[in-house]
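The structure appears below as structure tokens.
No lab work stands behind these numbers, since they all come straight from the coordinates. Computed from a prediction, not measured in an experiment: that's the story for all the values here.
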């Protein structure tokens, strides 16, 4: 009987640590929570003029001024793009998390879902490095390759 209790306690402790989120990730999740405005998209590590389709969705210009909402209690969110001649407006829903890869910056990870929280991306998602995150400002970065050269897309947000 004692061996079974010890084994059950060990298994419970293992599961608790295996499924736990670090204090740093919890703090970042709390900071993400709420409404943000994507104020600016810029490019680093290369010269020239760039246009890009962001997250397989819309051109970069469509994302500037978009509204983002992160709900931390169920890891869902949405962003809203304003419609226009170049932009298909509307809400896009996603499931998100903060991940901490070894020897890297923490990252925001998300994938598209529908209004009923069902995956619509076939498991494909996006990761952005968290370069800066405070109660009022957020800077995310993602690296892409353009004609064999590294370009970093920089997303600058402000809290609403």
**Request:** Return the single residue from 47, 142, 66 with maximal mean-square fluctuation; model: Gaussian network over the chain, springs between Cα atoms under 10 Å.
**Result:** 47
**Prompt:** With the contact rule set at Cα under 8 Å and sequence spacing of 6 or more, what percent relative contact order holds for the chain?
**Reply:** 22 percent
**Prompt:** Using alpha carbons only, how many degrees (0 to 90, rounded to 10) separate the axis of helix 2-19 from the longest principal axis of the chain?
**Reply:** 10 degrees
**Gain upon complete extension [residue 71, residue 147; 0.36 nm per residue less C-alpha separation]** = 23.7 nm
**Message:** Can you tell me the length gained on complete extension of the stretch residue 52 to residue 159, counting 0.36 nm per residue apart and subtracting the Cα distance?
**Reply:** 36.1 nm
**Helix-only mean residue ellipticity at 222 nm for the chain, each DSSP H run of n ≥ 4 adding -39500 (n - 2.57), per residue, nearest 500** = -6000 deg cm²/dmol
**Asked** Going by alpha carbons, how many degrees (0 to 90, nearest 10) lie between the helix axis of 23-32 and the longest principal axis of the chain?
**Response** 40 degrees
